[in-house]
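A short worksheet on the structure shown next.
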Amino acid sequence: MLDRNAFRQWGIPAATAVVLLSLGGCSLADFPILLAAGPVATTERDLLFRAVAIMMIVVVPVFVLTAWFAWRYRASNTRSRYEPEWMSRAVDIAVWTIPALIVVTLGAHVWTYTHALDPYRALDPATKPVRVEVVAQDWKWLFIYPDEGIATVNELAFPSNTPLSLTLTSDTVMNAFFIPALGSQIYVMAGMTTRLNLLADRTGRFIGRNTQYSGDGFATQQFDAVAMSEADFRNWVTQVKASPTVLDDTAYAALAKPAAAAPIAYYSGFEPGLFDRILAKYRGDMSAQAGMSAH
């Protein structure tokens, strides 16, 4: 049996090659989950390939035996024996035991990695993360940096090799936040918060998107996730702070209006407690509804 290092050295490239060959003209860049840029995405990619390899234990023999039976018992082969009452205890045991073991093995993997990849768990507790508050809108993403005092639309910048701690909500219908190259899709809903911890182990510009259908502008609801050096990140923060636009109540009201294919925008400041006020808007509605139901 291959150990983990051998699997990563040979199994992953082989599985990737098979996928690319089957996709014909598609390039690897079209499948960012295969170009993992962080520990979360790497673990998820390895788990995907491992699950496929485990399932091949059943799939490959089925295709091989199907071809072999079709050849051996063809009409022109007069030497093949016709035994409709034939039974084999060994075959019976195999066809039940092997799939059962595969299901148990996959279940063990799911249980183990569901806990290991808990999105709320800090990836590096010893290192201070970059904190970002994320708000889904129609059809754009707002990123608020509480420690830097800035906000952006459709661009999430952060230093590589530094933990990224996201707190997410929605100011519209349910959305799903996902950066395939970094891993871990997570849902966001109005009046609720979810958390996601990510880390990029190299610099680069990655595509992020909403993977939950949310209306007419859903197809263009994408953003740039930019992992950069610490120095470049500080320069980027300085650039955003130089923006003449502030995300006050008036600016936020305009931003929250539905708009597809929204451009990247920078805000040098924002109203204090903006994220909490967005949450409270829906929590207040839910509290009122609960009170009406009680009466």
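Please treat every number below as a calculation from the coordinates, not as lab data. Predicted model only: the values in this text are computed from it and were never measured. Counting neighbours? That spans all protein chains shown, and the Cβs are built from the backbone with ideal geometry, glycine included.
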Give the angle, between 0 and 90 degrees and rounded to the nearest 10, that separates the Cα long axis of helix 230-241 from the longest principal axis of the Cα atoms of the chain. 50 degrees
Bins of 5 Å from zero: percent of alpha-carbon pairs in the chain: 1, 5, 9, 12, 13, 13, 10, 8, 7, 6, 5, 3, 3, 2, 1, 1, 0, 0
Most mobile listed residue (V104, V62, V237) in the chain, GNM with C-alpha springs under 10 Å: V62
Applied in sequence order to region 153-159, the curve 6.51 cos²θ - 1.76 cosθ + 1.60 (Karplus, θ = phi - 60°) yields integer Hz couplings, x standing for Gly and Pro, of 10, 6, 9, 10, 10, 6, x
If I build a Gaussian network model for the chain, linking alpha-carbon pairs within less than 10 angstrom, which residue out of W71, W96, W111 has the largest mean-square fluctuation? W71
Loop-only trypsin sites (Lys or Arg not before Pro) in region 73-169, please: DSSP not H, G, I, E or B, and at most 15 other Cβ atoms within 10 Å. R74, R79, R81, R121
For a footprinting-style exposure proxy, rank L123, L34, L247 by other Cβ within 10 Å, fewest first. L123, L34, L247
For K281, which aspartates and glutamates qualify as cross-link partners when the Cα separation must be under 14 Å and same-chain residues fewer than eight apart are set aside? D171, D249
Normalised by the residues of region 130-291, what does the relative contact order come to in percent, with Cα pairs under 8 Å and at least six apart? 28 percent
Helix 39-72: angle to the longest alpha-carbon principal axis of the chain, degrees 0 to 90, nearest 10? 30 degrees
How about region 120-189: which chymotrypsin sites (Phe, Trp or Tyr not before Pro) there lie in a loop by DSSP and see at most 11 other Cβ atoms within 10 Å? Y120
If every Lys and Arg gets +1 and every Asp and Glu gets -1 at its Cβ, then about the Cα centre the chain yields a dipole, in debye to the nearest 20, of 1000 debye
What number, rounded to the nearest 500 deg cm²/dmol, is the helix-based mean residue ellipticity at 222 nm of the chain, given -39500 (n - 2.57) per DSSP H run of at least four residues and division by all its residues? -13000 deg cm²/dmol
